[in-house]
1. Just in the range 260-301: which trypsin sites (Lys or Arg not before Pro) are loop by DSSP and have at most 16 other Cβ atoms within 10 Å?
2. Can you sort LYS198, LYS259 so the residue with the fewest Cβ neighbours within 10 Å comes first?
3. Quick one: Karplus J couplings for the range 112-126, per residue in order, coefficients 6.51, -1.76, 1.60, θ = phi - 60°, nearest Hz, x for Gly and Pro?
4. With contacts defined as alpha carbon pairs under 8 Å and 6 or more residues apart, what's the relative contact order of the chain in percent?
5. Just to confirm the filter: which trypsin sites (Lys or Arg not before Pro) across the range 357-457 are DSSP coil and have at most 16 other Cβ within 10 angstrom of their Cβ?
6. Using Cα pairs closer than 8 Å and at least 6 residues apart in sequence, work out the relative contact order for the range 230-317, in percent.
7. Where does the chain land at 222 nm, in deg cm²/dmol rounded to the nearest 500, when only DSSP H runs of n ≥ 4 count, each adding -39500 (n - 2.57), divided by all residues?
8. Expected output is a single nm value to one decimal: the length gained when fully extending between THR277 and ARG368, i.e. 0.36 nm times separation in residues minus the C-alpha distance. What is it?
Amino acid sequence: MREMRISTDCDGAFRLPARYALTQLFLVLGVRVRFVRDGAEVHYGSTPVDGAFWLPADPTAQAALLEKQAAVLRPQDAEAWGRPFLSLFPVAVEYPCPSDLVAAAFFFFSLHEEWTSEERDQFDRFTSAASLLGARGEQARPVLAEFAAVVRAGLASQGIALPDDARYGDRRAAAVMTHDIDYLSKFTPGLIFREVIKNFLFNRRHVSAGDRAQRLREYLAYWKRERDPYVRSVVNMLETERERDIEATWLFKAGGTDKRDVTYSLESTRARWLLDTLRESGHDIGLHPSFHAHRDRAMLEREKTRLQRAAGIDLQSVRQHYLRFRYPETLRNQSDAGFTVDSTLGFAEQEGWRNGSAHPFLPFDLERKEVLPIWELPLLVMDGTLAQYRGLAPGEALGRIAELLDIAAGVSGTAVLLFHNTSFDAHDFPGWGGVFEETSSILSDGRFLTRGMPETVEAWTASAGYASTGEVMKVINSEPV
């Protein structure tokens with residue numbers, strides 16, 4: 001396995017961030033790194049060194065990225081060695097790449113803009129409009145993969161060829177199908193009130209009396225488990241995934257104290273049937289914590305324990321309800337609770353990669369100046385984003401999903417998709433069952449590894465020569481020798 005020797009020359013406070021960003025950039029390239037004092041093949045610093053490929057550094061940018069204030073960015077589209085990229089920190093040197101790629105990579109990987117921004121929506125979420133890529137209308141731009149491509153091209157210009165092998169076992173990209181199980185029955189108090197009082201009695205939908213009566217008859221028939229659209233969605237999803245060799249990550253709720261939490265018993269017949277089926281068929285089971293658990297470690301741990309007891313397995317995967325996320329508190333709590341992989345980082349209102357990363361990455365805690373041992377798989381696209389926030393018809397949504405999957409495949413990335421078990425609900429989401437089925441067909445076209453969140457991370461890191469998360473952490477945290 002290829003190992004790249006790298007040296008750095010930067011201010012003491014930025015040495016760890018530099019190693020962190022470089023390790024993850026080369027992970028994107030499928031290359032393990034080793035930090036050295038002498039004999040480097042790659043050097044990151046303000047001035048070049050003989051015999052090494054140079055990555056220019058901007059000390060001013062380095063210092064700014066360690067402060068809790070918005071960094072002064074100078075974003076402009078640029079090109080180096082024939083590869084396009086988004087330059088944030090230009091460097092005044094005569095060189096094919098006069099820009100600090102490592103500082104820019106750290107800006108995105110570390111979620112610096114979230115750390116320094118107070119912009120939040122009504123659910124305490126950082127918004128796409130407040131992000132650099134969102135403001136530029138480029139939320140689906142894999143900027144970190146672009147940085148890595150520039151490095152690959154620059155090394156090639158000096159006769160250093162990097163491997164271009166499959167990154168996920170025998171596949172060049174990965175697609176992770178995920179399902180947040182917010183409901184196990186359409187007979188909840190809120191939905192009964194909506195259908196009987198609002199829709200039938202008060203005609204909120206403004207339809208004929210015959211249509212109202214027909215809808216109510218259909219709704220009442222959902223009382224039987226085999227007719228409930230949320231159960232039928234699960235059955236149809238499982239069958240579709242079985243036919244296409246997709247092993248998904250299914251995330252369950254295990255508590256809740258807020259009106260936006262829909263609680264169900266993990267000991268119910270429906271929950272027991274689904275958990276047993278998933279465990280026996282090899283799917284990944286994870287936690288979908290309750291509305292307030294993103295800032296409550298004790299609540300998170302209680303819910304994890306409850307689900308582990310019901311599922312009979314140790315949980316690794318997590319995604320917060322409503323995509324609620326506070327940097328770095330949520331990640332700390334998840335890591336401390338023993339989770340190894342999260343996929344909360346996405347925008348409810350806009351599809352795309354939240355921080356420009358089309359690949360798994362380890363988060364950096366800017367307050368404590370340390371790497372967190374939990375992998376983040378950014379959420380690329382959610383059904384609710386396209387159907388509700390963006391108002392796309394099913395056919396339009398399928399076209400957008402196909403476009404996003406092409407982008408991910410083009411950079412050997414990881415596409416995380418979220419379909420809820422409401423997809424086959426003909427009342428509220430007509431046509432979305434077909435979107436799920438067609439999306440699943442695209443995932444099985446040979447380009448993608450289609451496994452759950454933990455297995456995807458393992459395949460990706462192993463292809464770069466790392467046997468464990470601990471090995472990656474050790475490389476980042478070790479001083480050069």
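None of the figures in this text is laboratory data; all of them are computed from the coordinates on show. Because the structure is predicted, anything quoted here is derived from the model rather than measured. Every residue, glycine as well, gets a Cβ built from its backbone with ideal geometry; the counts of neighbours run over all protein chains shown.
1. Working: sites: ARG260, ARG270, ARG272, ARG279, ARG295, ARG297; in loops: ARG260.
Hits after loop and neighbour filter: ARG260.
2. Working: LYS198 12, LYS259 8.
The fewest-first ordering by Cβ neighbours comes to LYS259, LYS198.
3. 4, 5, 6, 4, 9, 10, 9, 5, 9, 8, 5, 9, 6, 10, 4
4. Working: 933 pairs, mean separation 96.0, N = 481.
Relative contact order here is 20 percent.
5. Working: sites: ARG368, LYS369, ARG390, ARG400, ARG447, ARG451; in loops: ARG368, LYS369, ARG390, ARG447, ARG451.
In loop regions of the range 357-457 (DSSP not H, G, I, E or B), the sparsely surrounded trypsin sites (Lys or Arg not before Pro) are ARG368, LYS369, ARG390.
6. Details: 102 pairs, mean separation 28.7, N = 88.
Taking the mean separation of contacting Cα pairs over the length of the range 230-317, I get 33 percent.
7. On the way: 16 runs with 169 residues, N = 481.
Value at 222 nm, helices only, nearest 500: -10500 deg cm²/dmol.
8. Working: separation 91, 0.36 × 91 = 32.76 nm, distance 4.15 nm.
Result for the pair: 28.6 nm of gain on full extension.
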